[in-house]
């Protein structure tokens, strides 16, 4: 029997639900920030947050393989510039989408909300990766 398959499956059984929960936490936090900035009510903010986070996740899935080919060692070391690149990409993706979805709000307010929500969620994700995922 190939025990390494059991180890991989065991890791997936633990990691995937944790990542799904982390995504829901990010969506809830960002929806709360959209409401805090009075850009929309919670129900719509939850929908907006879900859409922009799924979109930025999709952009990340495209970006990671491209970066892996070019900067494999830096990504493995979780360099600061890699976090910064993902942060900027996420802010641009989510900001542009929110601008399209929330047309009546002032642009500066939308961009400020996007920056605040991503600073908070990136700090949470960084702490999550550093203190939890690196233990596996």
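Along each principal axis of its Cα atoms, how long is the range 22-119 end to end? Whole angstroms, biggest number first, please.
For the range 22-119, the Cα spread along each principal axis is 43, 25, 19 Å.
Grab the Cα-Cα distance for residue 67 and residue 124, subtract it from 0.36 nm times how many residues apart they are, and report the gain in nm with one decimal.
Values: separation 57, 0.36 × 57 = 20.52 nm, distance 2.31 nm.
Answer, rounded to one decimal: 18.2 nm.
Just to be sure I understand the model, the point goes 7 Å from the Cα along the line to the Cβ. What's the resulting residue 13 to residue 115 distance in nm?
Placing both labels 7 Å along Cα→Cβ, they lie 4.6 nm apart.
Using a Förster distance of 30 Å, how high is the FRET efficiency between residue 85 and residue 36, based on the Cβ-Cβ distance and rounded to 0.05? Show your work: numbers first, answer last.
On the way: r = 27 Å, r/R0 = 0.90.
After rounding to 0.05, the efficiency reads 0.65.
Kindly put 43, 109, 104 in sequence by how many other C-beta atoms sit within 10 Å of each C-beta, fewest to most.
Values: 43 10, 109 13, 104 6.
With the sparsest Cβ surroundings first, the list reads 104, 43, 109.
Can you sort 68, 30 so the residue with the fewest Cβ neighbours within 10 Å comes first? Present the calculation step by step, with values, prior to reporting the outcome.
On the way: 68 12, 30 26.
Neighbour counts put them in this order, fewest first: 68, 30.
With a Förster radius of 22 Å, plug the Cβ-Cβ distance of residue 132 and residue 47 into 1/(1 + (r/R0)^6) and report the FRET value to the nearest 0.05. Intermediate values should be presented prior to the final figure.
On the way: r = 28 Å, r/R0 = 1.29.
Efficiency, from the Cβ-Cβ distance: 0.20.
No lab work stands behind these numbers, since they all come straight from the coordinates. Every value quoted in this text rests on a predicted model; they were computed, and no experiment measured them. Neighbour counts run over all protein chains shown; Cβ positions are idealised from the backbone, glycine included.
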